[in-house]
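Below: one structure, written as structure tokens.
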Amino acid sequence: MIKQQIQIQHDQRMILKKALVVLVVLILISPILNNLTSPRVFNLEQIMVVTMEKDPTALLIRSAMTALLLFFSFLLIWPAMKQKFAKPELQLWVASCMFSCGPILSSVLGSKATLSPQWFVLPLCFTALLLLRGKDLKWFVSLIRMIALVYLYGSLIAALVDPAFAIEEYYKLGYFYSFRLHGIANLANHLAPMVIVFWLTNRIYEKKNTYFNIVHWLVSFTVLLLTQSKTTWVTFVVLFMFVFLATRTRAARHMYIVITTVIVLCGCLFIINSSASYALGLQSQDMELITSLTGRNFVWSYTIEIWKHNPLFGYGLDLWKDQETRLPFLDMYNWAPGQAHNQFFQTLGESGLIGVAGLVFYVGILIKLGWRYAKESKYLTIMMVLLLLIRGITESTLESNLFKENFLYHFMTFALLMIYVKREKERTGQQSIAE
């Protein structure tokens, strides 16, 4: 009888684990499936237009993937909530729920009430991740690394097979060449961080073939250059300097000081030069795009104006998706973004002060736990958090859209933190039993 109960419990755990793995895989491949089935074209002015909303195949895949994800998440919620929580995992989960509450409330109480199943993806699937265990680290890191390589190799292959889809010609802000690689990602700025994800996970991955690993490095470096993602280049430099500083050796401190000094001086010279040229009326259209972060400051100012109409709950879920917000901006600047290009302004405009309160608390917990497990993870956790935060200056990195790579990076970071929290919990439990 006891053996039968033990076998039943074992079978239940195996079913839950398989369901959790299916959930993780669904999330990791959703953006790729969506991007490959969403026609991407360039108009005469070489402005990228993604027409997924009008494509029936893309809409069908999006609907099916969302339904499957919510179904598996819902099945896993009850088993996930039955376990006993340690303080760190409870903090992480509660913080993610608080962050999710802002957009959900704004969908009802915002300036324009609207509801989307996408906004239930984050709270439901992050709750299901409570089922992760410490021993899941190896396969999860291996899976992340593999997905990153799929993006890198897939993008280069797509550039060769279908350059009209993967490459943007006549890229106006290119430094080295007049084209830009978008690959199989939604955007070049979403593809480039996959290079960093590969580099970070490769640090703790057990490398069995050195020659293959060298090829992976060459491919990743090539993709990083071809995307011409300046924000990712800056992010890489910051993370590189952080690793040197964290080691706390004399050589590392000297290197950090030298690199920081050079960057600060270059930044000061750039600001002085651009300010002077702007004051004298010598600033070209391209220079104006650079000094305004390619027009992002216009987006931020416009988002603030929209937020003022409902300071507490913001505009709602259709911010930067609704014609009411996009058309006036399009009339003023002849282009319209699909997001606020900054996580703070996106949250502020979308879900108001309520959303910002959840954002601040959530980010604080991410930083706290990322640093807590930094040394144990060879700085993987804190660098993944920094990747989110630094990209959050020019991107909405914590968005809940299942089919954008931004959500993918967010999901990876949360899951890694949860696994390391579980590892600590399991070690503490084993020590208590031993004592």
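The values are calculated or read from the model by the stated rules, or taken from the named source; none is laboratory data. Predicted model, so just to flag it, every value in this text is computed and none were measured. Quick reminder, even Gly has a Cβ in these numbers, built from the backbone with ideal geometry, and neighbours come from all protein chains shown. Accessible surface areas use protein heavy atoms only, side chains included; no ligands, DNA or RNA. Shrake-Rupley method; radii C 1.70, N 1.55, O 1.52, S 1.80 Å.
Restricting attention to the stretch 177-216, report how many residues are under 20 Å from residue 384 (Cβ atoms), part of a helix (DSSP H, G or I) and not β-branched (Val, Ile, Thr). The qualifying residues number 10.
If you check 385, 299 for being crowded, with 17+ Cβ neighbours inside 10 Å, closer than 27 Å to residue 237 by Cα, at pLDDT below 90 and among the β-branched types (Val, Ile, Thr), only one passes: 299. So is residue 419 open to solvent by 10 Å² or more (accessible area, probe 1.4 Å), β-branched (Val, Ile, Thr) and not in a loop (DSSP other than H, G, I, E, B) or not? When the stated conditions are applied, residue 419 does not pass them. Of all the numbered requirements in (1) modelled with pLDDT under 90; (2) closer than 22 Å to residue 26 by Cβ, residue 429 misses one, and that requirement is (2).
Residues of the stretch 302-331 that are of a type in the set (D, E, K, R) and modelled with pLDDT of 85 or more: 305, 308.
The residues of the stretch 28-42 that are surrounded by 14 or more Cβ atoms within 10 Å (Cβ to Cβ) and either modelled with pLDDT of 75 or more or out of contact with any Asp or Glu (no Cβ under 8 Å at 6 or more places or on another chain) (or both), listed by number, are 28, 29, 30, 31, 32, 33, 34, 35, 36, 37, 38, 40.
Does the stretch 362-373 contain any residue that is touching a helix residue (DSSP H, G or I) at 6+ places or on another chain (Cβ under 9 Å), outside any helix (DSSP H, G or I) and at pLDDT 90 or above? Yes; the residues of the stretch 362-373 include at least one that is touching a helix residue (DSSP H, G or I) at 6+ places or on another chain (Cβ under 9 Å), outside any helix (DSSP H, G or I) and at pLDDT 90 or above. Every listed requirement among (1) under 19 Å from the mean Cα position of the chain (by Cα); (2) at pLDDT 90 or above is met by residue 136 save one, (1). Looking at the stretch 127-181, which of the residues that are β-branched (Val, Ile, Thr) and open to solvent by 20 Å² or more (accessible area, probe 1.4 Å) is nearest to residue 90 (Cα to Cα)? Here the residue is 150. Within the stretch 139-187, the set of residues being of a type outside the set (A, V, I, L, M) and under 20 Å from the mean Cα position of the chain (by Cα) comprises 140, 142, 145, 151, 153, 154, 155, 182, 183, 186.
Candidates in the stretch 43-58 are the residues that are surrounded by 15 or more Cβ atoms within 10 Å (Cβ to Cβ) and at pLDDT 55 or above; of these, the one that is nearest to the chain's Cα centre (by Cα) is 58. May I ask you to verify whether residue 85 is part of a loop (DSSP other than H, G, I, E, B) and at pLDDT 85 or above? When the stated conditions are applied, residue 85 passes them.
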